[in-house]
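*Asks:* Here you go, one structure.
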Amino acid sequence: MSEKFVYADHAATTAVTDTALAAMLPHFTRDYGNPSSLYRFAQEGKTHLEEARAQVAACLNAKPEEVYFTSGGTEADNWALRGVAELMALKGKKTGHIITTAIEHHAILHTAQWLEKQGYEVTYLPVDGDGLVDPANLEQAIRPDTILISVMAANNEIGTIQPIAEIGAIARAHKVLFHTDAVQAVGHIPVDVEAWNVDLLSLSGHKFGGPKGIGALYMKKPLRLPALIQGGGQEKGRRSGTENVPGAVGMAAALKEAVDHLAQESARLAALRDKLIAGLSALPYTRLTGHPVKRLPGTASFVFEGVEGEALLLHLDAKGICASSGSACSSASLDPSHVLLSIGLPHAIAHGSLRLSLGAENTEEDVDYILKEVPAVVAYLREMSPVWDKEAQKPTWEL
Amino acid sequence: MSEKFVYADHAATTAVTDTALAAMLPHFTRDYGNPSSLYRFAQEGKTHLEEARAQVAACLNAKPEEVYFTSGGTEADNWALRGVAELMALKGKKTGHIITTAIEHHAILHTAQWLEKQGYEVTYLPVDGDGLVDPANLEQAIRPDTILISVMAANNEIGTIQPIAEIGAIARAHKVLFHTDAVQAVGHIPVDVEAWNVDLLSLSGHKFGGPKGIGALYMKKPLRLPALIQGGGQEKGRRSGTENVPGAVGMAAALKEAVDHLAQESARLAALRDKLIAGLSALPYTRLTGHPVKRLPGTASFVFEGVEGEALLLHLDAKGICASSGSACSSASLDPSHVLLSIGLPHAIAHGSLRLSLGAENTEEDVDYILKEVPAVVAYLREMSPVWDKEAQKPTWEL
Amino acid sequence: MLYSDKVMDHFEHPRNVGEIENADGVGQVGNPKCGDIMKMYLKIDGDVITDVKFKTFGCGSAIATSSMATEMIKGKTIAEAMTLTNAAVAEALDGLPAHKMHCSVLAEEAIKAALADYYQKKGEPVPESLKLPCDCEEGHCCSSCG
Amino acid sequence: MLYSDKVMDHFEHPRNVGEIENADGVGQVGNPKCGDIMKMYLKIDGDVITDVKFKTFGCGSAIATSSMATEMIKGKTIAEAMTLTNAAVAEALDGLPAHKMHCSVLAEEAIKAALADYYQKKGEPVPESLKLPCDCEEGHCCSSCG
Ligand SMILES: Cc1ncc(COP(=O)(O)O)c(C=O)c1O
Ligand SMILES: Cc1ncc(COP(=O)(O)O)c(C=O)c1O
């Protein structure tokens, strides 16, 4: 492997920060009591758990009692959708209509599809070429039986940030519950559940320097979804299971750290990102994917015609660059990304995607290195591609 | 607080062992890649995840591909019950009958009650005075529409170990799926999914020296339950969400350690436990709860007439002894434990319960200390109890 | 922490534990089924409560509220004791967890029951305000006793 | 690791990349929609494949299987090349992940397509065994191409 190592896949996961790890460590071996136990030793863990809840809440402009810990963003997404459906069923509405978008993470899409099988109707809103949902379009989709709107705050593949506050206002005006999958947004852009008018919001610890296996669902008071996971009655009976205290404490510490440095760090990352964008979109038959401006500070994403994404990633890996193509979790899939197809890219081109997502430890030097290596690999792969016309230096296809 | 500190609540949770922590640590800050990512850096984490799966499987006499990681025992329990119901529904059986016991953990009981609301019928088998299920009784309860039998391997409050292999044989003979909640058993008594004839088994990392927030569901091949948590397709599409690599690795290391030392350690603990049982059941108007022999090696549990459990625990806490009464998670509840009522204790007596659960760091000295302090606190509380006749040294009630 | 320092102090060092022989009023409320029983003994001189003792079978807050309630009425007039509310007891303890508030209700009722007994023993009519709102029946725990 | 060392070796250092001018047989299989296209060029002397080159647009295993397949038929007779199976290519690479096996199928088919072209160019009938089982249609990816 290369001497050089540039981790540019922070949207897939991040290292646990030193602050977060330091917060967690005592809870593994010293302060390990079960927060539901009565004795002081365990109540100390409980106190730290509640401090963590308050910290997370503060970072979202929420109240501590509105934050429920989960095992991650996926569980929070599943819970939000199934929970709203079950809540409405308990109120007598056994079916109903849900509005979401075509570019959601699979945690939302697969749950929505599951609900369709249970008799719910789901509208998957289209997005424009930059990946933006049209709020007017969304408003038109609202029906009398719409029970939920779920629109992600920021997309994991192309980084586009949705007009969540605008959508929240529409949802509120129509008295429809509004969920946002903010897994890619929290810790990276300012998040304010009040200003956004969201009822439900999902987040995941390992996307902003916290540990894997912990996340949270924000639920606006007095909304209380039925539990997806039932048992001993933890999390006020809404999410049972012995509390993952180290996880919660680590996530909270990382989030506080991220939010405390957000303005400064996001400006720094956006500058690096824009350098990447400028450098790589200058390559021939290359396009930036996602909105040029309304995008996550660390995420630069592209498609290169005539190049296949996996081959690109493997060559970059050999150069010590960690990046992704489409979303990490669907790497075993043969189909091109649903997100890239939704923004209107032809299949053939959607296969040639690259996502570079920068984080705390990335430097300008890393960016320069990427800007040197990516064009070389792209040129090399085009060279061996039967769909690239070497003479004309353009793809053989007409799209 | 007292100088002395005796943690005797290992059934509630345990400290993470040094081995487990050492296995986890690299995955927080160094080897933190997302196992679904393509590059070598992340594939190393994937390798460790699969090693952890193989280790857990080996400890259960299962195949690696039969082990699915979850966020804990509670999720595994919920998934097992709801998953079987959903699987059968997909096969056309929209309702059906489930057999479980009256003394299950709430993770099972509340899920079973939820399924009752969805139209399923549930039989809650009674237990005898020692907390044992009668296999003949269970066999009689099987109906043509029985879709699942779920019987816990060992009870969390009274430590009674069920005849799981016998029940498994009955389930197999009747071709009914069989789940066991083995959260208290795994790492503490020998567990063998083949010998037990179980199709599904739940376990939880923090009950045997692993971290909180990780567990597993064993699913016998070729059984494949539909996912409870859907999304990016991790765990072969059965349990989505970015994998908690440090959690899985820590749990596996702790389990291997526990199983490697099981024979030796369980003999040591059983001796300490029996000393506790001998010492405390000698107190007047005091009973051992659970089976005298078929019980978890570390768990000693009692009821003291005329004494209320919480007051007992708080006084023990002041003496530096961590113990529990009923199950930890229902500590906020006012009702006496459903387990103690199920073994036939009157309500008044069921309120006076104490569970002492020993673990790795407990010594004979700890036991002697407990044997000194518990009788003193019991005597003190009886002294101030309006239901204790000081002269006669017996309760005022006739039960 | 589950309980305030005040609660823990009164739990660990309960004031006025015990019985009063030949008490002027004795009241017992609660039900062993529900896990909380309080018994209050009053010594009354004229209209002043000169001594008060309790015995309690119950959780930490049951013991702490018994202790605090006895402190709050000791040396007070009957009229003052009759105005003691469960909220005042809970407040004096710097609060109780929500699911433990019933214990303070129990303490208020134990005092009322003892005062009612005092009137009965004297052969005087029991004031309306001392009648308990609810009687624990077999088989369920009413809000005031568990 | 997703891929064996052998796969990675052939991916990182693919053998026989390129084109053959005036090739005796050229075959292309796959579909840009599906993300995998392989093009094989054969130089045939008598009944011996004296040279072979490929160009591939596709994932790591698509490139590695192309490379390995060309190595396996180079210098072989047409009859030998015709018996090359995708399983043999995958085995020579020390295996492929299940969801990547289709790439080895593609490599086998690319060779067959090139041989079929060779027969066609010569004006000879194309042997039955060189006919491809499936043709990629617009709109979906068949098992052999993606
Ligand atoms: C937008 C989005 N939603 C949900 C998730 C799921 O989060 P997790 O894998 O942590 O459960 C992710 C990341 O994987 C994501 O990017
Ligand atoms: C028997 C039993 N089942 C299930 C659970 C739930 O496990 P967890 O809290 O780790 O999810 C526990 C412990 O709390 C238990 O003792």
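*Asks:* Can you go through A:L38, A:L49 and tell me which one is at pLDDT below 95 and within 16 Å of ligand 2 (Cβ to nearest atom)?
*Replies:* Values: A:L49 fails: at pLDDT below 95.
Among A:L38, A:L49, only A:L38 is at pLDDT below 95 and within 16 Å of ligand 2 (Cβ to nearest atom).
*Asks:* Return a yes/no flag: does segment B:239-249 have any residue that is in a loop (DSSP other than H, G, I, E, B) and more than 14 Å from chain A (Cβ to nearest Cβ). Walk me through how you get there before you give the answer.
*Replies:* Kept after step one, since they are in a loop (DSSP other than H, G, I, E, B), are these residues of segment B:239-249: B:239-244.
Next, only the ones that are more than 14 Å from chain A (Cβ to nearest Cβ) stay: none.
No.
*Asks:* Looking only at segment B:291-304, count every residue that is under 18 Å from B:V339 (Cβ atoms) and either touching a helix residue (DSSP H, G or I) at 6+ places or on another chain (Cβ under 6 Å) or of a type in the set (S, T, N, Q) (or both) and tell me the total.
*Replies:* Within segment B:291-304, residues that are under 18 Å from B:V339 (Cβ atoms) and either touching a helix residue (DSSP H, G or I) at 6+ places or on another chain (Cβ under 6 Å) or of a type in the set (S, T, N, Q) (or both) number 7.
*Asks:* If you scan segment A:7-40, which residues turn out to be surrounded by fewer than 24 Cβ atoms within 10 Å (Cβ to Cβ), under 23 Å from the mean Cα position of the chain (by Cα) and either among the hydroxyl-bearing types (S, T, Y) or part of a strand (DSSP E or B) (or both)?
*Replies:* Selection gives A:T17, A:T19.
*Asks:* Please verify whether segment C:39-52 includes one or more residues that are within 14 Å of chain B (Cβ to nearest Cβ), assigned to a strand (DSSP E or B), surrounded by 19 or more Cβ atoms within 10 Å (Cβ to Cβ) and touching a Pro at 6+ places or on another chain (Cβ under 8 Å). Let's see the steps before the verdict.
*Replies:* Going residue by residue through segment C:39-52, those that are within 14 Å of chain B (Cβ to nearest Cβ) are C:39-41.
Checking which are assigned to a strand (DSSP E or B) leaves us with C:39-41.
Filter again for surrounded by 19 or more Cβ atoms within 10 Å (Cβ to Cβ), leaving C:39-41.
So of that shortlist, the ones also touching a Pro at 6+ places or on another chain (Cβ under 8 Å) come out as C:39.
Within segment C:39-52, one or more residues are within 14 Å of chain B (Cβ to nearest Cβ), assigned to a strand (DSSP E or B), surrounded by 19 or more Cβ atoms within 10 Å (Cβ to Cβ) and touching a Pro at 6+ places or on another chain (Cβ under 8 Å).
*Asks:* Looking only at segment D:84-94, which residues are in contact with a helix residue (DSSP H, G or I) (Cβ under 8 Å, 6 or more places away or on another chain) and within 19 Å of D:R15 (Cβ to Cβ)?
*Replies:* Initially, segment D:84-94 is screened for residues in contact with a helix residue (DSSP H, G or I) (Cβ under 8 Å, 6 or more places away or on another chain), giving D:84-90, D:92-94.
Selection gives D:L84, D:N86, D:A88, D:V89, D:A90, D:A92, D:L93, D:D94.
*Asks:* Look at segment B:236-279 and say how many of its residues are free of Cβ contacts under 8 Å to residues at least 60 places away in the same chain and polar (S, T, N, Q).
*Replies:* Residues in segment B:236-279 being free of Cβ contacts under 8 Å to residues at least 60 places away in the same chain and polar (S, T, N, Q): 2 in total.
*Asks:* Only one of (1) under 12 Å from the mean Cα position of the chain (by Cα); (2) more than 10 Å from ligand 1 (Cβ to nearest atom); (3) within 22 Å of A:T111 (Cβ to Cβ) is not met by A:S240, so which one is it?
*Replies:* Single failed check for A:S240: (1).
*Asks:* Look through B:L81, B:L87 and report the one residue that is over 24 Å from the mean Cα position of the chain (by Cα) and either under 27 Å from B:L296 (Cβ atoms) or surrounded by fewer than 18 Cβ atoms within 10 Å (Cβ to Cβ) (or both). Outline the logic, then answer.
*Replies:* Numbers: B:L81 fails: over 24 Å from the mean Cα position of the chain (by Cα).
Going through B:L81, B:L87 in turn, just one is over 24 Å from the mean Cα position of the chain (by Cα) and either under 27 Å from B:L296 (Cβ atoms) or surrounded by fewer than 18 Cβ atoms within 10 Å (Cβ to Cβ) (or both): B:L87.
*Asks:* To continue, here is another question. Inside segment B:185-238, can you point out the residues that are more than 9 Å from chain A (Cβ to nearest Cβ), part of a loop (DSSP other than H, G, I, E, B) and more than 16 Å from ligand 2 (Cβ to nearest atom)?
*Replies:* Correct list: B:P190, B:D192, B:N197, B:D199, B:K220, B:K221, B:P222, B:L223, B:R224, B:L225, B:R238.
*Asks:* Now a separate question. With the checklist (1) modelled with pLDDT of 95 or more; (2) under 17 Å from B:R143 (Cβ atoms) in hand, flag the one item B:K94 doesn't pass.
*Replies:* So the condition that B:K94 fails would be (1).
*Asks:* Here is a list: D:A110, D:A62, D:A90. Which entry is in contact with a Leu (Cβ under 8 Å, 6 or more places away or on another chain), closer than 24 Å to A:Y380 by Cβ and assigned to a helix (DSSP H, G or I)?
*Replies:* Working: D:A110 fails: in contact with a Leu (Cβ under 8 Å, 6 or more places away or on another chain); D:A90 fails: closer than 24 Å to A:Y380 by Cβ.
It is D:A62.
*Asks:* Still on this structure, I have one more. Which residues, counting only those in segment A:43-72, are in a helix (DSSP H, G or I) and within 7 Å of chain B (Cβ to nearest Cβ)?
*Replies:* Here is the first cut: in segment A:43-72, the residues in a helix (DSSP H, G or I) are A:43-60, A:64-66.
Selection gives nothing.
*Asks:* Moving on to the next point. Mind checking which residues of segment B:287-310 are closer than 22 Å to B:Y380 by Cβ and surrounded by fewer than 20 Cβ atoms within 10 Å (Cβ to Cβ)?
*Replies:* Matches in segment B:287-310: B:R287, B:L288.
*Asks:* Testing A:H174 on (1) touching a Ser or Thr at 6+ places or on another chain (Cβ under 9 Å); (2) touching a residue at least 24 places away in the same chain (Cβ under 8 Å); (3) within 14 Å of chain B (Cβ to nearest Cβ), one condition comes back false. Which one is that?
*Replies:* Going through (1) touching a Ser or Thr at 6+ places or on another chain (Cβ under 9 Å); (2) touching a residue at least 24 places away in the same chain (Cβ under 8 Å); (3) within 14 Å of chain B (Cβ to nearest Cβ) one by one, A:H174 breaks only (3).
*Asks:* Please give the number of the condition B:I214 fails out of (1) under 23 Å from B:E104 (Cα atoms); (2) more than 16 Å from ligand 1 (Cβ to nearest atom); (3) within 16 Å of the chain's Cα centre (by Cα).
*Replies:* Checking B:I214 against (1) under 23 Å from B:E104 (Cα atoms); (2) more than 16 Å from ligand 1 (Cβ to nearest atom); (3) within 16 Å of the chain's Cα centre (by Cα), the one that fails is (2).
The values are calculated or read from the model by the stated rules, or taken from the named source; none is laboratory data. All figures in this text were calculated on a predicted structure; none of them were measured in a lab. Cβ sites come from the backbone with ideal geometry, for glycine too, and all protein chains shown count toward neighbours.
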